[in-house]
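Notes follow once the structure below has been shown.
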């Protein structure tokens, strides 16, 4: 989220509030907090990342030092789909092991045949 047109160098607060009173405070994080202070840059802009871990409707408000609301935004967070199966990575070693075993057996057979011919 970002807010522009602010007084450069002035402190502002960002507050995130859930529309559902049952949403725990732990479901909201603004750089690790529910309310955080940001100082507007030389261009009069503040920016921050808001993380919402619970589905629901939230209101994000930017306020100045006098607590006057400068900007307000309502967002809806949806539940993240959980995967039903882990991704399959790697390789099945059985075909490689069987192929390697066959090559070793073939090599051993050739050695036995060559030695028998040398003896006779």
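Every number in this text was worked out from the coordinates using simple rules, so none of it is lab data. Keep in mind that this is a model prediction, so the values were computed, not measured. All Cβ positions, glycine included, derive from the backbone under ideal geometry; neighbour counts span all protein chains shown.
Here are the numbers for this structure:
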{"quantity": "Kirkwood-based shape ratio for region 52-92, expressed as Rg/Rh from alpha carbons", "calculated": "1.40"}
{"quantity": "Approximate spin-label separation residue 66-residue 54, in nm, with each point projected 7 Å along Cα-to-Cβ", "calculated": "3.5"}
{"quantity": "Sequence-separation-based contact order of region 2-77, relative, with Cα cut under 8 Å and 6+ spacing, percent", "calculated": "38"}
{"quantity": "Extended-chain gain in nm, criterion 0.36 nm per residue less alpha-carbon gap, residue 75 and residue 92", "calculated": "1.6 nm"}
{"quantity": "Stretch gain in nm, segment residue 45-residue 105, where the contour uses 0.36 nm per residue and the Cα spacing is subtracted", "calculated": "14.3 nm"}
{"quantity": "Cα-Cα separations in the chain greater than 18 Å, expressed as whole percent", "calculated": "68"}
{"quantity": "Ranked by how many other beta carbons lie within 10 Å on average, peptides 5-15, 87-97 from highest", "calculated": "5-15, 87-97"}
{"quantity": "MRE, 222 nm, helices only [DSSP H, n ≥ 4, -39500 (n - 2.57), over the chain, to nearest 500]", "calculated": "-8000 deg cm²/dmol"}
{"quantity": "Acute angle (nearest 10 degrees) that the helix 93-119 long axis makes with the longest principal axis of the chain, alpha-carbon atoms", "calculated": "20"}
{"quantity": "By average C-beta atoms within 10 angstrom, highest first, the peptides 75-81, 48-54", "calculated": "48-54, 75-81"}
